[in-house]
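Working notes, beginning with the structure itself.
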């Protein structure tokens, strides 16, 4: 039920293909098997793939977002490769426990936004294939709810069960 698994399931659904999901206990053993030839493909987050791409051990075939990544301009999107409308991106966010007072949430958001807009940090993150996007807490909440609904529907449609 990881995002890499769900991205593969979305791809399988869209192209009506057969691929076997191998439930690894982390991304490192999945890359070990890909590099070693035990598996043929995977859908990792780009940030996890960067060191393997740069070392030449892994070749990126496409990115799963709707735009090419600035660090890998020669790698097409799946949409450009003929899989129209394919869009599945990993993201990182900052969350806290429910009930944090609104003024504290506002201050945290403003402080994080200031840091994430700093050119030197943006450059360092970009090299690692991470593109910061600043949102209000309300917009981020809407984004999370929409993402949960999207992936929950796919998991139900594909009969994906969480490992216990």
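Read-outs: derived from the displayed coordinates by stated rules, not from any lab. What you see is a predicted model; the values in this text were computed from it and never measured. Methodologically, a virtual Cβ is constructed for each residue, glycine included, from the backbone with ideal geometry; neighbour enumeration extends over all protein chains shown.
General remarks:
- In the elastic network of the chain, a GNM with C-alpha springs shorter than 10 Å, the most mobile of 113, 49, 102 is 102.
- Translational D in µm²/s for the range 3-157 (Stokes-Einstein at 20 °C, 1.002 mPa s, Kirkwood Rh from C-alpha pairs): 122
- Projected-area average for the range 52-113 over all orientations - Cα convex hull basis, square nanometres: 6.8
- Distance-filtered residues of the range 3-33 - backbone nitrogen under 20 Å, label point 7 angstrom along residue 47 Cα→Cβ: 3-8, 25-32
- Projected onto their three principal axes, the Cα atoms of the range 82-164 cover extents of 41, 37, 26 Å, largest first.
- Label-to-label distance for residue 54 and residue 150 is 2.8 nm, based on points extended 7 Å past Cα in the beta-carbon direction.
- The chain, relative contact order [Cα under 8 Å, separation at least 6], %: 23
- Degrees separating the helix 3-15 axis from the principal Cα axis of the chain, which is the longest one: 60
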